[in-house]
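Take a look at the structure below.
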Amino acid sequence: MNLFHRQSNSPISTPVSFRDLFERNRLPVFRYIYGLTGGPQDDVEDLTAETFLRAWKARHRFDGDMDSATGWLIRIAKRLVIDAYRRTLPATRSLLVDPPAKSAPEQIVIANEQMRFLFTLLADLPDEQREIITLRYMLGWRVNDIAQHISATENNVSVIIHRTLSKLREKWADNDPENLSAVFTQEEKIS
Amino acid sequence: MKPIPDEKQIEELLENFSPNTSDRLDQRLSTAPWTPRVVVRRRLITATTFIALAFALLVAVTPQGQAFAQSILQFFIRADQDSYPLQSWQMTPPAQTSNESPFKYSVQAAEALAGYDVLSPVEVPFGMVFFGASYDEKYHIVAQAFGQSADYLEFSLWQQPLEYYQPCGDISHLCDNMLGGNLAGASADIQTVQIGNLTGEYVEGVWSLTDSGPVWDPTPFAKTLRWKTDKAIFELVYNGLDLTRDDLVALAESIR
């Protein structure tokens, strides 16, 4: 009889299995938090680390399989993001979007400006819309996975995505401060 | 009309945005509990704890073990019983002492009188203040008293150069200096503690001087921690329930 190991049905209860979970999910969790908060990178990494440390503490309570573990981690991350938002005044937060790697300098500047602006627009969206957009585009989740995760119908999620994109487009038009849209016009002409 | 990105372009922008973690995340989680290094270390600690527990059990249950345990205590001596008959020194009236508090010096003044560096905690426990220091010229002991009010000195720190240290662990003689009295009751739970890289001993309890003789009272209200450096022996005495053994150890570690 083993008196010292807690009996658990969790597939992530051992350090080895948890390590596997971490390696598989570090990037999705990081990008999810990035999508919700818009950065900065250091804060997002802190929240990512905290998500996995919390998950480690709660690993014995997780009774799903490895596939559903991502959703479980995302829920932990969401709670942490909400807590972090409560602690931070919106006025003091800054949206700093890091440029994508391996890009030419000019493209970096453009991408950075566009993403910075887009994240500013995203920050004004209701939490649910921002989360769905993040899951769909930054994590590449399918609509049915998102629907299952947020307990909604697929149709509902599709409608929200469509409406949110329209809203982002409208907001872009209303708030475009540095005429960033010109870039898209140029791209269209080139293609 | 000003051109704006369409929904497809916004989708592409979002899809192509793929931020990556930096080395900072790995550094941040380098000591996470699931990392191989930490797992190995935890196993080592578990194994060591098992050995220590087995040893403690051996010490606790066998007479040889108890004798061995006593032999390795540095600062306290375990009495052979918890109560003794009335002692002759209990019947001798105490010498007349002045009403003046012995804690009448600043640390600097006590240091000047003692002629050695007097160490103090960097921070005193919440709500307490420093009341003063005393100097015992016979035993070269400097004591510092702390508490919430002058009427209630909860915590004191005693320091004596090693060359003057004289243990007096004998119930039949009154020990007239605080640091010398090192006799604890037979049942006293004398614990070895780590204070930084020094080893100390901690005990809860006090001899209660009843009319029928001294009786060991293992009250958690009276806590004593002793340790020594290469120059001096120290004693931290706390009368209260708010601070734990670990708090006292932390205080001891903070003295400079």
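The values are calculated or read from the model by the stated rules, or taken from the named source; none is laboratory data. Bear in mind the structure is a predicted one, so any value in this text is a computation, not a measurement. In this analysis, Cβ positions are derived from the backbone assuming ideal geometry, glycine residues included, and neighbour counts consider all displayed protein chains.
Can you tell me which residue within the range B:1-40, out of those that are part of a helix (DSSP H, G or I), among the hydrophobic types (A, V, I, L, M, F, W, C) and more than 7 Å from chain A (Cβ to nearest Cβ), is surrounded by the fewest Cβ atoms within 10 Å (Cβ to Cβ)? It would help to see each step written out before you state the result.
Filtering the range B:1-40 down to residues part of a helix (DSSP H, G or I) leaves B:7-16, B:23-28, B:36-40.
Now drop any that are not among the hydrophobic types (A, V, I, L, M, F, W, C), which leaves B:10, B:13-14, B:25, B:38-40.
Now drop any that are not more than 7 Å from chain A (Cβ to nearest Cβ), which leaves B:38, B:40.
Working: B:38: 14, B:40: 11.
It comes out as B:40.
I'm trying to understand the selection: among the residues of the range A:21-32, which are facing chain B (nearest Cβ under 10 Å) and either free of Cβ contacts under 8 Å to residues at least 12 places away in the same chain or within 11 Å of the chain's Cα centre (by Cα) (or both)? Even if it seems obvious, please write down each step before you answer.
First, pick out the residues of the range A:21-32 that are facing chain B (nearest Cβ under 10 Å): A:21-22, A:26-27, A:29-31.
Hits for the range A:21-32 are A:27, A:29, A:30, A:31.
A single member of B:192, B:224 is crowded, with 18+ Cβ neighbours inside 10 Å, part of a strand (DSSP E or B) and at pLDDT 85 or above, and it is B:224. Taking each residue of the range B:3-32 that is on the phi < 0 side of the Ramachandran plot and looking for partners that are among the charged types (D, E, K, R) and in a helix (DSSP H, G or I) with beta-carbon atoms closer than 6 Å, six or more apart or interchain, yields B:7/A:169; B:24/A:45; B:25/A:45.
Answer with yes or no whether residue B:162 is at pLDDT 85 or above and either of a type outside the set (A, V, I, L, M, F, W, C) or surrounded by 10 or more Cβ atoms within 10 Å (Cβ to Cβ) (or both).
Spelling it out, residue B:162 is indeed at pLDDT 85 or above and either of a type outside the set (A, V, I, L, M, F, W, C) or surrounded by 10 or more Cβ atoms within 10 Å (Cβ to Cβ) (or both).
Matching residues to (1) facing chain B (nearest Cβ under 7 Å); (2) in contact with a helix residue (DSSP H, G or I) (Cβ under 8 Å, 6 or more places away or on another chain); (3) at pLDDT below 95; (4) in a helix (DSSP H, G or I):
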position: A:16; (1), (2), (3), (4): no, no, yes, yes
position: A:43; (1), (2), (3), (4): no, yes, yes, yes
position: A:56; (1), (2), (3), (4): yes, yes, yes, yes
position: A:60; (1), (2), (3), (4): no, no, yes, yes
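Only a single item in (1) of a type outside the set (A, V, I, L, M, F, W, C); (2) in a helix (DSSP H, G or I); (3) under 21 Å from residue B:17 (Cα atoms); (4) within 13 Å of chain B (Cβ to nearest Cβ) is not met by residue A:51, and it is number (3). Of the residues in the range A:160-167, at least one is modelled with pLDDT of 90 or more, over 19 Å from residue A:33 (Cα atoms) and more than 13 Å from chain B (Cβ to nearest Cβ). For the range A:123-143, a residue qualifies if it is within 17 Å of residue A:75 (Cα to Cα), assigned to a helix (DSSP H, G or I) and of a type outside the set (Asp, Glu), and the qualifying residues are A:129, A:130, A:132, A:133, A:134, A:135, A:136, A:138.
With the structure loaded, tell me whether residue A:121 is closer than 13 Å to residue B:15 by Cα and in contact (Cβ under 8 Å) with a residue 12 or more places away in the chain or whether it fails that test. So residue A:121 does not fit the description; no. Residues that are modelled with pLDDT of 90 or more, assigned to a loop (DSSP other than H, G, I, E, B) and out of contact with any Leu (no Cβ under 8 Å at 6 or more places or on another chain) do not occur anywhere in the range B:174-186.
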